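Note sheet for the following structure.
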Amino acid sequence: MKTISIAVVVLIAIWIGALHANAADFYVAANGSDDWSGKLAEPTGSDGPFATLERARDAVRALKAQRAGQDIVVQIRGGHYRLRETVVFGLEDSGAGDSTVTYEAYPGEKPVFSSDVEIAGWKRLEDALPFLPTAAEGHVWVTDVPKLNGPHRRFFTLYDTAGRLPRARSKGFLPVEPKASSKTRLHFPSGALRNWPNLEDVEIVVRPHHAWIVNILPLASVNTAKRIATTTVPATYAMDELHFLKGTDSVWVENVIDALDEPGEWVLNTTEGRLYLWPRVEGPPEGITAPRLREYIRVEGRIDTEGPTDTPVRNLIFRGLTITRGESYRVAEDDKGLQHDWEMHDKANALVRLRGAENCVVEQCHFVQSGGGAIRVDLLGRNNRIQGNHIEHIGTTGVLLCGYGPGTKDVNHHNLVFNNHIHHVGEIYSHAPGVMVWQSGENRVANNLIHNTPYAGIIVSGVMTDFFSKRGNGRELVRTIRWHEVGRGQGRGKRTLEQVRPFLHSHDNLVEYNEIHHAMERLGDGNGIYIRGCGAGNVIRRNYIHHLLSSVALQSAIRTDGGQRDTLIAENLVYRCTSQGIQVKLNNRVENNIIADVIEPIHNDEKRPAVYLKLREGPMTGGVIRRNILYHPGTSAVFYDQGRNPRLPAAWAKEADTDYNLYFCVGDPQLSETVLNTTKRDGIDAHSLAVDPLFVDPANGDFRLQPDSPALKLGIVSIDLSQIGLRDKPKHP
């Protein structure tokens, strides 16, 4: 029996080994060779795995001809793979029929893709360097700059073994003479700028007029006598002081030796061909690298940008890859900006880009420490799945679904963004959100955990009606409009929402079960979830938005912005968010939400009241405000803020179907009664109550309703937090 048992064990081991050997059709390994067959997971001396993803892709093309309609798998061994060029997958790389082609991590191993080049030859800076801050003397090292791509020596991000290094950055300052400023002209205070000899390397970072946008602009000229600087590309808005945050420093200078005053900072001087660095740790710099590429993997269909039909790549799967250390981007003269230039249309600024893709998958990948975005789906993008990824410490947007601009070509839809952990995005362009959906419809954005963002968590956006009548060819939105399909009529005359709605493709999106916290950490006038310029049928439901703790005013947990109609906001829990709970306009519906513990904001050094529902645009005919709980733990709050503009009506709540709500101010129950009596005098809230909703443990964030809660009698449904957020931990390597 013992002999038989041993034999069985041996046979099972051989069978398992054979199974494992046949787990993939091809293998890639850091110690492989592109001259080998790629069919072995380990080198044998004369054969073994491929060395590059490109070689595996080409081998798959040949295999497909022999095995039409069958699934193909490429497994990539652990190790570091440095890309010199973007790996492009075209129509010939599609899975045939319903079959798939998968590029995945070898089980239990971590393949890491980067494009960085090591920078060596460091010498301590011994000579005096004009304008170098005293604090940096004796700490700065210098080396010659390598050519990363052909003749190019310029780069915008630099890395050490710990991650991305900050560029030298000056102290912030306020623009002066704001009325004389423009999109390309900045009036600066004395001493803030000088006419550097390598001016083409110098950039200003500016928040132009509005609190919701950051531009990085190269300098064209500096006139120190007149204190006027010009930029090579225009800012999004005039470079004057911030409109709602007057007194806030809104401009600073980067990449100048004058600002090299802290460990980790660096300055690139392409005129000299030299790189200066104050390392994070004492001693000669080690492991310093600069990236070659912004875009690592591109799935590229046959794109006819002006015509009606594209052909997508189909059925590709990328699983378990770690992708890191990509380059940042800069706005170009001919770029087409999305709303407020939060992103650029059809631009190669993400590590993985699906541009003309259908039924493709990016899952269980780790995007970390990079200067651009993580994933974007451009132009034609249908039925793709972005799921189970971990996205952290990147320069711009986590996930972007970006269709065609307004027109008849509606081909970006039915995508899934599910169960992704997204945090610390927007580390270079701080307006970048965790997830953005633009001119893309019928998508599901669900069960994502998004936190620690400088601006919004999720943005659903399109093109506002007034941009269809803008004169000129401005970068923001106007250039995205497909005028040959929309029609110009008599010039670009003013159009109504009904006229442009057929061209607004961000419709019928479902944003649900997401958890968002610690958003809005740096900028102002933003939101946990934001929607504007979209079509009808968008639903924002069962999201948990909490701890938006910035003291800056002008933010909301959920916001429908100017002109947005036909949106449902339902069964969301908003807890401990500064300034405003939900901002609603026009005929949108706000149903069965819990808004608890809105925090008083500070605006221009003055404390403002906490606002639970902010109404800012009417008429609200057809809108709904029903079965919501507004719960304030303190003594003073504004449950409805309907504005003070004398030119506008101030009773929008009674234009909507407003009833069956529950108001309660813990510190002053009489305030709740006063609010309710006021609304009843306006003819609304006939069945609403001003009583304690009897939450299970509101002091500790448990807003389940007790069995005897009066809210249940109003038809209010308890919100199940167990279904919100990550369904399971993303299985990134």
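Here are a few things to note about the model shown:
- Subset of the stretch 593-616 [of a type in the set (A, V, I, L, M) and either within 19 Å of Ile458 (Cα to Cα) or assigned to a strand (DSSP E or B) (or both)]: Ile594, Ile595, Ala596, Ile599, Ile602, Val611, Leu613, Leu615
- Some residue of the stretch 132-148 being part of a loop (DSSP other than H, G, I, E, B), in contact with a Ser or Thr (Cβ under 8 Å, 6 or more places away or on another chain) and crowded, with 17+ Cβ neighbours inside 10 Å: yes
- Residues in the stretch 690-733 that are among the hydroxyl-bearing types (Ser, Thr, Tyr) and either under 29 Å from Leu449 (Cα atoms) or assigned to a helix (DSSP H, G or I) (or both): Ser718, Ser722.
- Yes/no for Asp47 being assigned to a loop (DSSP other than H, G, I, E, B) and touching a Leu at 6+ places or on another chain (Cβ under 7 Å): yes
- Here is the figure for the stretch 189-208: residues that are buried (at least 22 other Cβ atoms within 10 Å of the Cβ) and over 22 Å from Ser328 (Cα atoms) total 2.
- Residues in the stretch 539-592 that are of a type outside the set (Val, Ile, Thr), assigned to a strand (DSSP E or B) and surrounded by fewer than 24 Cβ atoms within 10 Å (Cβ to Cβ): Arg541, His546, His547, Leu568, Ala570, Leu573, Tyr575, Arg576, Arg589, Glu591.
- Criterion: under 30 Å from Leu554 (Cβ atoms) and either touching a Lys or Arg at 6+ places or on another chain (Cβ under 9 Å) or at pLDDT 95 or above (or both) - qualifying residue of Val222, Val233, Val202: Val233
- Selected residue (criterion: modelled with the lowest pLDDT) from residues of the stretch 492-538 that are β-branched (Val, Ile, Thr) and outside any strand (DSSP E or B): Thr496
To keep it simple, each residue is scored yes or no on (1) hydrophobic (A, V, I, L, M, F, W, C); (2) over 25 Å from the mean Cα position of the chain (by Cα).
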| site | (1), (2) |
| --- | --- |
| Cys577 | yes, no |
| Gln583 | no, no |
| Ile594 | yes, yes |
| Glu606 | no, yes |
| Glu617 | no, yes |
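- Just one of (1) crowded, with 16+ Cβ neighbours inside 10 Å; (2) of a type in the set (Ser, Thr, Tyr); (3) assigned to a loop (DSSP other than H, G, I, E, B) fails for Tyr276. It is (3).
- Note on the stretch 593-641: residues that are surrounded by fewer than 19 Cβ atoms within 10 Å (Cβ to Cβ), of a type in the set (Ser, Thr, Tyr) and at pLDDT 90 or above total 1.
- Subset of the stretch 678-733 that is β-branched (Val, Ile, Thr) and out of contact with any Leu (no Cβ under 6 Å at 6 or more places or on another chain) - its residue that is farthest from Leu573 (Cα to Cα): Thr678
- Ser469 being of a type outside the set (Asp, Glu) and surrounded by fewer than 20 Cβ atoms within 10 Å (Cβ to Cβ): yes
- Considering residues of the stretch 236-262 that are closer than 17 Å to Leu129 by Cα and not polar (S, T, N, Q) only, the residue surrounded by the fewest Cβ atoms within 10 Å (Cβ to Cβ): Glu262
- Scoring Leu268 on the criteria (1) in contact with a His (Cβ under 8 Å, 6 or more places away or on another chain); (2) touching a residue at least 60 places away in the same chain (Cβ under 8 Å) leaves a single failure, condition (1).
- Some residue of the stretch 427-441 being of a type in the set (Phe, Trp, Tyr) and either part of a loop (DSSP other than H, G, I, E, B) or closer than 30 Å to Thr578 by Cβ (or both): yes
- Qualifying residue in the stretch 448-470 (condition: part of a loop (DSSP other than H, G, I, E, B), without any contact (Cβ under 8 Å) to a residue 60 or more places away in the chain, over 30 Å from His80 (Cα atoms) and charged (D, E, K, R)): yes
- Residue within the stretch 158-176 that is surrounded by fewer than 19 Cβ atoms within 10 Å (Cβ to Cβ), without any contact (Cβ under 8 Å) to a residue 12 or more places away in the chain and not aromatic (Phe, Trp, Tyr) present: no
- Residue within the stretch 393-408 that is farther than 28 Å from Pro208 by Cβ and either modelled with pLDDT of 95 or more or of a type in the set (A, V, I, L, M) (or both) present: yes
- Set Glu104, Glu126, Glu92, Glu109: member being out of contact with any Lys or Arg (no Cβ under 9 Å at 6 or more places or on another chain), surrounded by fewer than 21 Cβ atoms within 10 Å (Cβ to Cβ) and not assigned by TED's automatic domain parsing to the domain that holds Asn195: Glu126
The values are calculated or read from the model by the stated rules, or taken from the named source; none is laboratory data. No experiment lies behind these values; they were computed from the predicted model shown. Because the Cβ atoms are built from the backbone with ideal geometry, glycine has one as well, and the counts that use them run over all protein chains shown.
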